[in-house]
Every structure is written in structure tokens, then in C-alpha cells.
Amino acid sequence: MSSTAAAPETAPRTVFLLAHTGRPAAVRSAELVVLGLLRCGIGVRVLEAEAEDLPLPPAVERVKEACSDALDGCELLVVLGGDGTLLRGAEFSRASGVPMLGVNLGRVGFLAEAERDDLDKVVDRVVTKAYEVEERMTLDVVVYENGDVLHRDWALNEAAVQKVSPERMLEVVLAIDGRPVTGFGCDGVICATPTGSTAYAFSAGGPVVWPEVEALLMVPIGAHALFAKPLITTPESVLAVEVEPHTPHGVLWCDGRRTVELPAGARVEVRRGAVPVRLARLHHASFTDRLVAKFALPVSGWRGGAR
């Protein structure tokens, strides 16, 4: 008597959803994404605090803790919102290793892979696993005071040392790889990744760096000096910003989300992060095309290499 072996059970698939519930567009978009995934047999998990503001069916799983464990067993993190929400999602993604797929509901949204009109496509690509995952460089940030570690942090876009008092400049000295470069009074200094080159660093006059380029950026903000140009170094370099002892205290902002006060005499060291952020990509469009689209750049006169 012969018997047929039972086919192995397929593990259930789960997607974590993070949304800016303060935006009506995000609430509606979250509802559409959730219903689309559930119809295709994919489970959805959300934070309990956000579930209260979302019209979700009972089948949606709710978790209390906003920590990396909340994503255990999830294959993807879908984030609906603007740049702030996407950076919040990056915190979850980095801590858990789960790739993040961003849907832009804000203005520029360079971290996002889709727009609000692409929700059907997003659901389809998630269901069919028709996406690729790329890693983006991060920054590891350490603050020292009198040689002792005062604070540790990280950033996907930038770590910005800034003044606190609007009427007083922040006096700083910049160093690269343990060697001083220059000093000046300024409003601040931004240390950024290529991903962050289109964020705060861009607004401060820094260069746009293609995300495939491995480099670190140092961009002064409102510096009172002749030599105050943006600097680009190798990814192995260590960037340092020293707050002069006689200057008012400053503040460190990481991705505009996490902050710590910098006492006079503090030293901020920035290096390539040990843990990248993983982004899910739906498109194969070049970064050049994304740049043109996001900033609505005028390219109508381009002739495509015609002679």
C-alpha cells in the first residue's frame, strides 16, 4: 500500500504597516492597502496606537510595542506618509532588518518608492514579491565630552550640529581622519550620507550625490569664512565637529528626529554606520530620472545626444 507525502505547509506571510494617521490621505491609503493585502491572503500587522485611528477589520494584527520585535516574522514594512514618517519607518527597518517600502504622501519623498496613485501597484508587487532590496549607507554618531562618551546615535540622512541661540554663532573646528581642516563661526554643520544629500544638506547648498556612490559629506550652514565649502570624503573617513569651549552650547539632530544637547567643548564624530537601512524598490528608473521628477527640473531642451 503506497502513501503520498503531504505537501509542506507554506508559512503565512505578514506585512507591517506604518502610517501617518494624522493625514486623512494616509488613513484612506492605509485602508486600501490593508484590504488589498488581506484579499490576497497576506496578513497585516500595525501598532495598536495607530490602529485606533485607522478603519481596520478585525483580521489585522495589533502589537503594543514600537520596537524591532514588533516586526518579527514580517517580510516587508510598508510606510505611508511624508519624509518624517519615512524616517520613522527607517528606524524600524534598521533595527529589525526588514526592508522598507515607502509610499509618498508628502512633497518630495526621495525615500519613497511609490506615490499615492500607485497603491494598486504597490499591493500587486507585494503580493507577487516583485521588488528588489537595496542597502543604503547610514551614519554612526558618537558625542564625546572630555574624552568620555556622552551619547551614541545613528542617521540615515544626516547628523547636524547646530546652534541653539539665534543671536549667537556656533564656533566649531572641523576635522577629517584625526586632522584639523578649518574652523569658523556658523549656524551649524551637516554630516550626511549620499541618501541625505537630497535632504537637509541639499537645502544648505551641498552637492547631490548619487546613492550608489559611497561617500560621506560635510556641509557648513551659514558659515562666516572664506573656506566653508562642502567636503566629500571616502566612506572610511571619520568626520569630526568640535564645539569650541568658549562658544554657547549647541545641539545635535539626527535625521531631524532625535536630539541631544552639545555642551561647549563637545566633539561629535561621524563615520559610516555598521548597519544599513534596507529599501524595497519597485522601479528600475535611474536616479537621474528620479531627481528630475522629484524637483520638476526643466529638461525639455535636451536632444538625447543628437548631432
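The values are calculated or read from the model by the stated rules, or taken from the named source; none is laboratory data. None of the values given here were measured: they were computed from a predicted structure. Every residue, glycine among them, receives a Cβ derived from its backbone with ideal geometry; neighbour counts consider all protein chains shown. To get the accessible areas, we keep the full protein, side chains included, count just its heavy atoms, and leave off ligands, DNA and RNA. Shrake-Rupley method; radii C 1.70, N 1.55, O 1.52, S 1.80 Å.
Residues are listed down the side, and each one gets a yes or a no for (1) closer than 24 Å to THR182 by Cβ; (2) surrounded by fewer than 17 Cβ atoms within 10 Å (Cβ to Cβ); (3) in contact with a helix residue (DSSP H, G or I) (Cβ under 9 Å, 6 or more places away or on another chain); (4) free of Cβ contacts under 8 Å to residues at least 40 places away in the same chain:
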| site | (1), (2), (3), (4) |
| --- | --- |
| VAL219 | yes, no, yes, yes |
| THR234 | yes, yes, no, yes |
| ALA264 | yes, yes, no, yes |
| VAL270 | yes, no, no, no |
| VAL275 | no, yes, yes, no |
| ARG281 | no, yes, no, no |
| LYS294 | no, yes, yes, no |
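If we scan the stretch 117-130, do we find a residue that is of a type in the set (Gly, Ala, Ser), out of contact with any helix residue (DSSP H, G or I) (no Cβ under 7 Å at 6 or more places or on another chain) and within 28 Å of VAL103 (Cβ to Cβ)? Yes, the stretch 117-130 contains a residue that is of a type in the set (Gly, Ala, Ser), out of contact with any helix residue (DSSP H, G or I) (no Cβ under 7 Å at 6 or more places or on another chain) and within 28 Å of VAL103 (Cβ to Cβ).
For the condition aliphatic (A, V, I, L, M) and touching a Gly at 6+ places or on another chain (Cβ under 8 Å), LEU239 does not qualify. Restricting GLY109, GLY102 to residues that are within 18 Å of the chain's Cα centre (by Cα) and at positive phi narrows the list to GLY109.
Among the residues making up the stretch 25-59, those that are in contact (Cβ under 8 Å) with a residue 40 or more places away in the chain and either under 23 Å from the mean Cα position of the chain (by Cα) or over 23 Å from GLY106 (Cβ atoms) (or both) are ALA25, ALA26, SER29, ALA30, VAL33, CYS40, ILE42. Please work out which residue is nearest to ARG88 (Cα to Cα), limiting yourself to the stretch 245-257 and to residues that are surrounded by 15 or more Cβ atoms within 10 Å (Cβ to Cβ) and over 16 Å from the mean Cα position of the chain (by Cα). Filtering the stretch 245-257 for residues that are surrounded by 15 or more Cβ atoms within 10 Å (Cβ to Cβ) and over 16 Å from the mean Cα position of the chain (by Cα), the one nearest to ARG88 (Cα to Cα) comes out as LEU252. Just one residue in the set ALA225, ALA204, ALA175, ALA155 is open to solvent by less than 30 Å² (accessible area, probe 1.4 Å) and either at pLDDT below 95 or under 23 Å from the mean Cα position of the chain (by Cα) (or both); that residue is ALA155. Restricting attention to the stretch 92-115, the residues being in contact with a Lys or Arg (Cβ under 9 Å, 6 or more places away or on another chain) and assigned to a helix (DSSP H, G or I) number 2.
Yes or no: VAL213 aliphatic (A, V, I, L, M) and exposed (fewer than 15 other Cβ atoms within 10 Å of the Cβ)? Yes. The residue that is modelled with the lowest pLDDT, counting only those in the stretch 37-50 that are surrounded by 18 or more Cβ atoms within 10 Å (Cβ to Cβ) and outside any loop (DSSP other than H, G, I, E, B), is GLU50. When the stretch 78-121 is filtered for residues that are of a type in the set (Val, Ile, Thr), more than 13 Å from ALA19 (Cβ to Cβ) and surrounded by 20 or more Cβ atoms within 10 Å (Cβ to Cβ), only VAL98 remains. Looking only at residues in the stretch 12-36 that are part of a helix (DSSP H, G or I), out of contact with any Asp or Glu (no Cβ under 9 Å at 6 or more places or on another chain) and open to solvent by 30 Å² or more (accessible area, probe 1.4 Å), the one that is nearest to VAL126 (Cα to Cα) is LEU35.
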